[in-house]
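Take a look at the structure below.
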Amino acid sequence: MTNNDLLRNLRFSLNVHDYGMIAIFALTEVTVTKEQVVAWLKKDEDEGFTPIDDVLMSGFLNGLIIQRRGAKDSGIPEPETKLNNNIMLRKLKIAFDLKDDDIIALLESADFRLSKSELSAFFRRADHKHYRACQDQVLRYFLRGIQLKFRPVE
C-alpha cells in the first residue's frame, strides 16, 4: 500500500481537513504547506500528484499517535527512514489504542477474518521465525474497519 493511499484513507476516515493534516505533521516538528498536503492527497493519475516519502509519512503517523494519545516524556520519536505495512499497522494500533481483539473486531466489521496468531505475526521482529509480512489486503481491510468505526455510513 502506498503512503499516499494510507494518507488519503486516514484523512477521509478521521474527517480531517488540510489544516488539520498540517497540524498533525507539526506535532512532530515537521513543517509542511497546504500545497504539499493537497499534492499528496491527489489521485496517482491526477496532474500535480506528488508521492509522500517514508520519512514524512512516518512523521505523520507519529503525529497521529501524539494527537490521539499524547506526547511521551522522552520527546518526539525519530521517524523511520523506511516504512512497510507492518510498521504502519503497528503505528496505527498505537495511535488508536487498540488491543489484538480490537483489531480483529475491526477486521471482522470489514468482512475479513484473521486469527490472533496470524495478527501477532505482523508485530514480531523481522528476524523472528514466525514473523509475517502484512499484505496490502490486510491493511486495506483494517483501514476499512477504522473508517466504519470513526466515520460510519449514515
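Just going by the charge dipole of segment 1-149, with Lys and Arg at +1 and Asp and Glu at -1 on Cβ, which of Ile66, Ala23, Gly145 is farthest out on the positive end? In segment 1-149, that residue is Gly145.
Max-minus-min Cα coordinates of the chain on each principal axis give 42, 41, 27 Å, with the largest extent listed first.
Anisotropy class assigned to segment 18-82 is prolate, per the alpha carbon gyration tensor with a/c at or over the 1.5 cut-off and a/b larger than b/c.
On segment 1-57, 53 percent of the accessible area sits on carbon and sulfur atoms, based on a 1.4 Å probe.
Shape call for segment 5-46 from the C-alpha gyration tensor, a ≥ b ≥ c root eigenvalues: rounded (a/c under 1.5), prolate (a/b greater than b/c) or oblate? Taking the square roots of the gyration eigenvalues as a ≥ b ≥ c, segment 5-46 is oblate. The overall shape of segment 48-109 is oblate: from the C-alpha gyration tensor, with semi-axes ordered a ≥ b ≥ c, the ratio a/c is 1.5 or greater and a/b is no larger than b/c. Counting only protein heavy atoms and a 1.4 Å probe, segment 1-127 has 54 square angstrom of accessible area per residue. Split the chain at each of the trypsin sites (Lys or Arg not before Pro) in a DSSP loop with at most 15 other beta carbon atoms within 10 Å, and the longest piece is 1-41.
The values are calculated or read from the model by the stated rules, or taken from the named source; none is laboratory data. Computed from a predicted model, the values in this text were never measured in an experiment. Cβ coordinates were reconstructed from backbone atoms using ideal geometry, including for glycine residues, and neighbour counts include every protein chain displayed. Accessible surface is based on the protein model in full, side chains and every heavy atom, while ligands, DNA and RNA are left aside. Shrake-Rupley method; radii C 1.70, N 1.55, O 1.52, S 1.80 Å.
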